[in-house]
1. For residues that are surrounded by fewer than 13 Cβ atoms within 10 Å (Cβ to Cβ), of a type in the set (A, V, I, L, M, F, W, C) and in a helix (DSSP H, G or I), tally how many sit in the stretch 204-247.
2. Please verify whether the stretch 133-145 includes one or more residues that are outside any helix (DSSP H, G or I) and in the same structural domain as residue 77 (by TED's automatic domain parsing).
3. Report yes if residue 55 is more than 26 Å from residue 190 (Cα to Cα), surrounded by fewer than 17 Cβ atoms within 10 Å (Cβ to Cβ), at pLDDT 85 or above and small (Gly, Ala, Ser), otherwise no.
4. Of all residues being among the polar types (S, T, N, Q) and either touching a residue at least 24 places away in the same chain (Cβ under 8 Å) or assigned to a loop (DSSP other than H, G, I, E, B) (or both) in the stretch 1-45, which is surrounded by the most Cβ atoms within 10 Å (Cβ to Cβ)? Just the residue, please.
5. Considering only residues of the stretch 60-119 that are among the charged types (D, E, K, R) and more than 21 Å from residue 150 (Cα to Cα), which is farthest from the chain's Cα centre (by Cα)?
Amino acid sequence: MTTLIRRALFLAILCIIWEAISKSGLYPSFQFPPLFFSSNGEATVFGTLINGLISGQILEATYLSLRRLAFGFVISITLGLLMGYLIARYKWVDDTLGFLVTALQSIPSIVWLPLAILWFKLGEAPILFIVTIGATWTMTVTSSTGFKNINPLFLRVARTMGSSGFHLMRTVILPASVPHLISGLRVAWAFAWRALMAGELVGGTGGLGHLLEMGRSLQSMDLVLAIMIIIGVVGTIIDNQVFNRMEKSVQKKWGVSARI
């Protein structure tokens, strides 16, 4: 049995269980809406989802969320690589900035939202801020670990052959750190995606998180669940088609297996 068939069967079983519960009368339909079939004319989750896609409301919100994610993620990668390199390169930076980054990594990014709103007011800026915060610390820790674990022999040979500065970074340090960096990118993007949804849910205008909050305020659980499905689908596609493929490619090239 292939992986695709297993997943399809598993999702089908979950849908059947959900439909059975929604029809059992244990919960009102507005609290536990049906996925596909409506018996009393109430809205269904997939009906709301399809209507939102056809009207363009969900597509527009998805585009806005992905645009925010891309912008904040690029900033976090840049900052994370820079700080990670400095922490790995200089002991005094590791003892100061490295210690601070480790402490900040334990703080959920959504905790920064009240400060972000005070600093930047409502709008795009506070959301981009917490998206960046959500991924920067993870990227910093992972990249610094990757830079620290480079085989010293590689660096000695490169320096003996005259490599230094940016050339050393481009030809030796970054390639030798790629396995760690790819893993860091995968984890950092997941933190950024979650931070984005939390930021849009609490203080955003537009985006998937904002639609989710609108569904909650209207007590439209079919809309809430439809947006949750979109969030999960988009997250799964990005993780599997981008970062998972990058990780497998690196593991294959470096001769590292992800499975025991």
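1. Of the residues in the stretch 204-247, 2 are surrounded by fewer than 13 Cβ atoms within 10 Å (Cβ to Cβ), of a type in the set (A, V, I, L, M, F, W, C) and in a helix (DSSP H, G or I).
2. No - not one qualifying residue is present in the stretch 133-145.
3. Yes; evaluated as a whole, the condition is true for this residue.
4. My answer is 44.
5. Among those that are among the charged types (D, E, K, R) and more than 21 Å from residue 150 (Cα to Cα), it is 60.
Yes/no matrix, rows are residues, columns are (1) outside the structural domain of residue 197 (by TED's automatic domain parsing); (2) in a helix (DSSP H, G or I); (3) at pLDDT 90 or above; (4) of a type in the set (Gly, Ala, Ser):
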| position | (1), (2), (3), (4) |
| --- | --- |
| 62 | no, yes, yes, no |
| 72 | no, yes, yes, yes |
| 75 | no, yes, yes, no |
| 102 | no, yes, no, no |
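The values are calculated or read from the model by the stated rules, or taken from the named source; none is laboratory data. From a predicted model like this one, the values you see are computed outputs, not experimental measurements. Cβ coordinates were reconstructed from backbone atoms using ideal geometry, including for glycine residues, and neighbour counts include every protein chain displayed.
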